[in-house]
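Inspection log for the structure reproduced underneath, given as structure tokens.
Bear in mind that the values in this text are calculations on the coordinates, not laboratory data. Because the structure is a prediction, the values reported are computed rather than measured. Counting neighbours? That spans all protein chains shown, and the Cβs are built from the backbone with ideal geometry, glycine included.
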Amino acid sequence: MLFKHYDLDNGPFFHGTKSKLALGDLLTPKQPANYGEVGRISNNIYFTATIDAAKWGAELARGEGEEHIYLIEPTGDFENDPNVTDKKFPGNPTRSYRSKQPLKIIGELGSWERHSDE
């Protein structure tokens, strides 16, 4: 079930990746996934309302290069990420979401501390 963003969470919202993006860029679904099977196309675009989950997104993203955490704004409805909330963390403590609508880049965290390598 999809919800308006104010029904689930007021944010702020984040997206972690190794892609270099600019303010105003749109992250869209139907692109190659950053995780899992190489070449898999993701039907959704994923984001979170916690810095910790965004760090994991940036650190685990496929590819080389600098890790980024972007502040994003959903442009449409979204839902709890069932891959996390239904399987790993019931109740969505990671505040992880997905949408079939684009996410707009509205900022970038200038600095943040990575998780330990352990």
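Using a ≥ b ≥ c from the Cα gyration tensor of the chain (square roots of the eigenvalues), is it rounded, prolate or oblate, where a/c under 1.5 gives rounded and otherwise the larger of a/b and b/c decides, a/b for prolate? In terms of gyration-tensor shape, rounded.
Under the combined filter of DSSP loop state and at most 15 neighbouring Cβ atoms within 10 Å, the stretch 30-118 retains these trypsin sites (Lys or Arg not before Pro): Lys30, Arg40, Arg62, Lys87, Lys88, Lys100, Arg114. Of the chymotrypsin sites (Phe, Trp or Tyr not before Pro) in the stretch 25-79, the ones in a loop by DSSP (not H, G, I, E or B) with at most 16 other beta carbons within 10 Å are Tyr35.
Taken over the stretch 11-118, lysine pairs spaced eight or more positions apart, or on distinct chains, with alpha carbons under 26 Å apart number 21. About its Cα centre, the chain has a charge dipole of approximately 380 debye under the convention of +1 per Lys or Arg Cβ and -1 per Asp or Glu Cβ, with nothing else charged. Which listed residue (Tyr97, Leu109, Gly63) has the Cα farthest towards the positive end of the charge dipole for the stretch 10-118, taking +1 on Lys and Arg C-beta and -1 on Asp and Glu C-beta about the Cα centre? Result: Tyr97, furthest along the dipole toward the positive end.
The GluC sites (Glu not before Pro) found in the stretch 22-105 that occupy coil by DSSP, while having at most 14 further C-beta atoms within 10 Å, are Glu37, Glu64, Glu66.
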